[in-house]
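Enquirer: Have a look at this one.
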Amino acid sequence: MNVTASTPTVFDVQRIRADFPLLSRSVHGKPLVYLDNANTSQKPASVIEAVNAHYRERNANVARAVHQLGEEATAGYEGARDKLARFINAPSRNELILTSGTTQSINLVAYSYALPRLKAGDAILTTVMEHHANIVPWQLVAARSGATVKAAPINERGELIVDKYLEMLTPEVKLACVTHVSNVLGTVNPVREIARECRKRGIALLVDGSQAVPHRPVDVQALGCDFYAITGHKMLGPTGTGALWAKREHLEAMPPFFGGGEMIREVRFSGTTFAAPPHKFEAGTPNIAGFVGLAAAIDYYESIGFEAIHAWEQQLLGYATERLREIPGLRIFGEAPEKEPVISFLLDGAQATDMATLLDLQGIAVRSGHHCAHPLMQFYDVPATLRASLAFYNTREEIDAFIVALLKVRKLLM
Ligand code: C6P
């Protein structure tokens, strides 16, 4: 997929925007231009209404009550599992653990899959471009087991050096990890190729899919990985929702991470037996309303289709990149040929946070900071960047407004 600023195809973005109530608000007296979608996406009315209707009409706990409300709540929650499984083409709904998000999903793999297997001298391979959620859990379990965490390098354009990654898949590596799409650079990593090489070496691969699922169709079977972690709130769903897809053989071998209600078969003081996956990993009352909302989010994506979404987002990415490149002294971080619509940048002589604050006063919401990717900031030798991250409900006019605001800020700070 090339990043070009071609003529826009017909995509009724105004009709789509009308589905997102928050997009019509103003901020500091200016129309909101929301370009912080990699942080969290906005929600269509159908998602908000699904959550609302759950609490108004069907609120009850799941998998416990035989009464009508309990059955309806369970159907809503389990229905979300079915939809998510289809959404990422999981071979079975029972391979999908519903979690609070990618962070919980990765920690589940760290403590339940990795820790019991790791011993001194073993290693976990990750990359320099990861979010802390795909670094710190590995450091924690490495510290407990005497294993080490290795990080595969990237180049200046923000691409993973794949040959180096594969070279680092040495026999002591017990788990390999990689983000599907970088939250800072937008780089799309060649997950299929990496998975194929991991399989040849008998090494399990975990993919952080947080920034991929909002933008592209994901097929975990075609990717060929072992674990795929996602977050619901970046893909139009409520906060506190997400999932871990894992191959059945791993889930069956993994001990539970959290203990409590709903994850057991029988509890005795002489020993407890556990439910089969996925419930073995879902102790306690889950975020039922959140998953009902996430199911509505998937319906929304499917009503538009990823082909149209991807085409529009790529046009926006190309246009925004081109406009930003016209600004003297502006440096873009992340120039891989295949990118999702995330642009990190800095202006010579200006602090990222000052710029984000001044942009906010003009109604433009972008993120500034390290984006939970310290090692990546260390690689580029910068403390922070500004990041504009786009969604399919953004428009070319919003990008124009962003550029006008940026030029004003530049003038003020120079
Ligand atoms: N990134 C951002 O970039 P949670 O908080 O569990 O929903 O997602 C964590 C996470 C994991 N991996 C990647 C690649 C991510 O981008 C994120 C979240 C946000 O603005 C917040 S740091």
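Values quoted throughout were computed directly from the atomic coordinates according to the rules given, and no laboratory measurement underlies them. Just so we're clear, the structure is a prediction, and the values are computed from it rather than from any experiment. Here Cβ is always computed from backbone atoms with ideal geometry, including for glycine, and neighbour counts include all displayed protein chains.
Enquirer: Within the range 180-268, what percent of beta bridges assigned by DSSP are antiparallel, to the nearest 5?
Expert: So the antiparallel bridges amount to about 65 percent of the total.
Enquirer: Same structure, new question: For every other residue with a beta carbon closer than 12 angstrom to the beta carbon of Leu160, add +1 if it is Lys or Arg and -1 if Asp or Glu, then tell me the sum. Please list the in-between numbers first.
Expert: Numbers: positive: Arg157, Lys164; negative: Glu130, Glu159, Asp163, Glu193, Glu338.
With Lys, Arg at +1 and Asp, Glu at -1, the net is -3.
Enquirer: At a 10 Å Cβ-Cβ cut-off, how would you order Asp36, Asp381, Asp400, fewest neighbours first?
Expert: Asp381, Asp400, Asp36
Enquirer: If you don't mind, another one. Using the Karplus curve 6.51 cos²θ - 1.76 cosθ + 1.60 with θ = phi - 60°, what ³J(HN,Hα) values do you get for each residue of the range 152-165, in whole Hz, with x for Gly and Pro?
Expert: Computed from phi, the couplings for the range 152-165 are 6, x, 10, 9, 4, 6, x, 9, 5, 7, 4, 4, 5, 4 Hz.
Enquirer: OK, next. Restricting to lysines 8 or more places apart or on different chains, can you count the pairs in the range 48-302 with Cα atoms under 14 Å from each other?
Expert: Taking the Cα cut-off of 14 Å, the pair count is 4.
Enquirer: I need Met263, Met355, Met414 ordered by Cβ neighbour count within 10 Å, fewest first.
Expert: In order of increasing Cβ crowding within 10 Å: Met414, Met263, Met355.
Enquirer: Can you compute the FRET efficiency between Arg64 and Phe269 using 1/(1 + (r/R0)^6), with r the Cβ-Cβ distance and R0 = 30 Å? Round to the nearest 0.05.
Expert: It comes to 0.85.
Enquirer: Rounded, prolate or oblate: pick one for the range 90-160, where a ≥ b ≥ c are the square roots of the eigenvalues of its C-alpha gyration tensor, a/c under 1.5 means rounded, and failing that, prolate if a/b is larger than b/c, else oblate. Don't skip to the end; give the middle numbers.
Expert: Working: a/c = 2.11, a/b = 1.16, b/c = 1.81.
Oblate, because a/c is 1.5 or more while a/b does not exceed b/c.
Enquirer: Additional query: Would you order Leu125, Leu324 from fewest to most other beta-carbon atoms within 10 Å of each residue's own beta-carbon?
Expert: Final ranking by Cβ density, sparse to dense: Leu324, Leu125.
Enquirer: Taking the Cα centroid of the range 154-187 and of the range 28-78, what is the distance between the two, rounded to the nearest whole Å?
Expert: 35
Enquirer: Could you give each residue of the range 350-367 its phi-based ³J(HN,Hα) in whole Hz, using Karplus coefficients 6.51, -1.76, 1.60 with θ = phi - 60°, and x for Gly or Pro?
Expert: 10, 7, 4, 5, 4, 5, 5, 5, 5, 5, 4, 4, 9, x, 9, 9, 10, 9
Enquirer: Long-range amide H contacts for Ala151: which residues qualify at under 5 Å (H placed 1.01 Å from N, peptide plane, sequence gap of 5 or more or a different chain)?
Expert: Thr126
Enquirer: Would you work out which of Leu251, Val191, Pro116 lies farthest towards the positive end of the dipole of the range 48-302? Charges go on Cβ: Lys and Arg +1, Asp and Glu -1.
Expert: Pro116
Enquirer: Using the alpha-carbon atoms, what tilt in degrees (0 to 90, nearest 10) does helix 396-413 show relative to the longest principal axis of the chain?
Expert: Once rounded, the angle reads 70 degrees.
Enquirer: Give me the compactness ratio for the range 78-217, meaning the Cα radius of gyration over 2.2 N^0.38 Å.
Expert: Working: Rg = 15.0 Å, N = 140, 2.2 N^0.38 = 14.4 Å.
That ratio works out to 1.04.
Enquirer: Quick check on the chain: helices-only [θ] at 222 nm, where DSSP H runs of length 4 and up contribute -39,500 (n - 2.57) each and the sum goes over total residues. Nearest 500, please. Don't skip to the answer; put the middle values down first.
Expert: Numbers: 14 runs with 150 residues, N = 414.
Computed ellipticity for the chain at 222 nm equals -11000 deg cm²/dmol.
Enquirer: In degrees from 0 to 90, rounded to the nearest 10, what is the angle of the helix 306-325 Cα long axis to the longest principal axis of the chain?
Expert: That works out to roughly 40 degrees.
Enquirer: Calculate one ³J(HN,Hα) per residue across the range 385-392 by plugging θ = phi - 60° into the Karplus curve 6.51 cos²θ - 1.76 cosθ + 1.60, and present them in order as whole Hz with x for glycine and proline.
Expert: Running phi through 6.51 cos²θ - 1.76 cosθ + 1.60 with θ = phi - 60° gives 9, 9, 9, 9, 10, 9, 9, 5 Hz.
Enquirer: Counting C-alpha atoms alone, how compact is the chain: give Rg to one decimal and Dmax as a whole number, in angstrom.
Expert: When restricted to the Cα atoms of the chain, Rg and Dmax are 21.9, 72 Å.
Enquirer: Now for a different question. Take the alpha carbon gyration tensor of the range 1-137, find the square roots of its eigenvalues, order them as a ≥ b ≥ c, and report rounded if a/c is under 1.5; if not, report prolate when a/b exceeds b/c, else oblate. Show your work: numbers first, answer last.
Expert: Numbers: a/c = 2.09, a/b = 1.14, b/c = 1.83.
Oblate.
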